[in-house]
Amino acid sequence: MERAQAAVGNMLTWFSASEEQTLEAGRCLAAALPLPAVVLLTGDLGAGKTAFTRGFVDGLGTAQPSPVHSPTFTLVNEYRTQRGKAYHVDLYRLESERDFRSIGLEEILESGDWVLVEWAEKLRMPIPNAIRVRLQQHSDDTRRIEINGLQEPESAALASALSRGGVGPDAAQHGRR
C-alpha cells in the first residue's frame, strides 16, 4: 500500500498504487475476518471492486489462483475455499425488489458463509454487522480504499496482515485519533 494508512475509530483508510496492492488489501482483509462475514463493496465502475474481491477470495485459500471474475451477467458466483464457501454478488444490473428476490439475496446473506456484494449502494435493506469497503480513484494511478465496520480485533488483525503481506513500516502506519 502507498504511504498512508490510518485507522480512525473503526475506519481504516489506505492508498493502493497498483492492482497487486488492491489484491493484497483484499487478501489481508480475508485473513483478518472471522466467518461469517458480509463485505459490502462500493465505488465507481473500474474502481477495483472485483480486484479487491479476487484478493479476498485468494486470501480464503482457493484450489487455483484467482478464479474470481465479475458476476455482472451471472449476478452471483460461488467459490469453494479452504475457509468455507464464498458468494460474490453483483447488484449492478438489479433494479426492483423482485430482482433482488430472484437471486436469493436474503438467503445468501443469512447463509453463514463469506459474502461479498459489489454495488452495495443499491441495497435497499440494512445489513447488520457488515464490513463496508469503499474504493475510489484518488489520482491517475492510485485508489483510496476505506474499510468501515471493523471491530478492534479485526482492525488490529488487518494492520498486522498488511505488515506481514509485505507492506513495510514506512507504508503501514496504524494510528488512532
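Please work out the Kirkwood hydrodynamic radius for the stretch 19-138, using every pair of different C-alpha atoms, and report it in angstroms with one decimal place.
Result for the stretch 19-138, one decimal place: 14.2 Å.
From the backbone phi of the stretch 141-155, what are the Karplus-calculated ³J(HN,Hα) couplings (6.51 cos²θ - 1.76 cosθ + 1.60, θ = phi - 60°) in whole Hz, Gly and Pro given as x?
So the J values, rounded to whole Hz, are 10, 10, 10, 9, 10, 10, 10, 10, x, 6, 8, 4, x, 5, 4.
Between GLU121 and SER160, what FRET efficiency comes out of the Förster formula 1/(1 + (r/R0)^6) with R0 = 30 Å and r the beta carbon distance, rounded to 0.05?
That pair, SER160 with GLU121, gives E of 0.50.
For ALA37, list long-range residues whose amide hydrogen, built 1.01 Å from N in the peptide plane, is under 5 Å from its own amide hydrogen.
Distant-sequence amide H within range of ALA37: TRP114, VAL115.
Amide H to amide H under 5 Å from THR62: which residues, 5+ apart in sequence or cross-chain, H placed 1.01 Å off N in plane?
When sequence neighbours closer than 5 places are left aside, the close amide H contacts are GLN82.
For the stretch 99-114, just list the computed ³J(HN,Hα) in residue order, Karplus coefficients 6.51, -1.76 and 1.60, θ = phi - 60°, integers in Hz, with x standing in for Gly and Pro.
Listing the rounded values in order: 4, 5, 5, 5, 9, x, 4, 4, 5, 4, 5, 9, 5, x, 9, 7 Hz.
Every read-out reported here was derived from the displayed coordinates using simple, explicitly stated rules and does not represent laboratory data. It should be emphasised that the depicted structure is a prediction, and the values quoted were computed from it without experimental measurement. Counting neighbours? That spans all protein chains shown, and the Cβs are built from the backbone with ideal geometry, glycine included.
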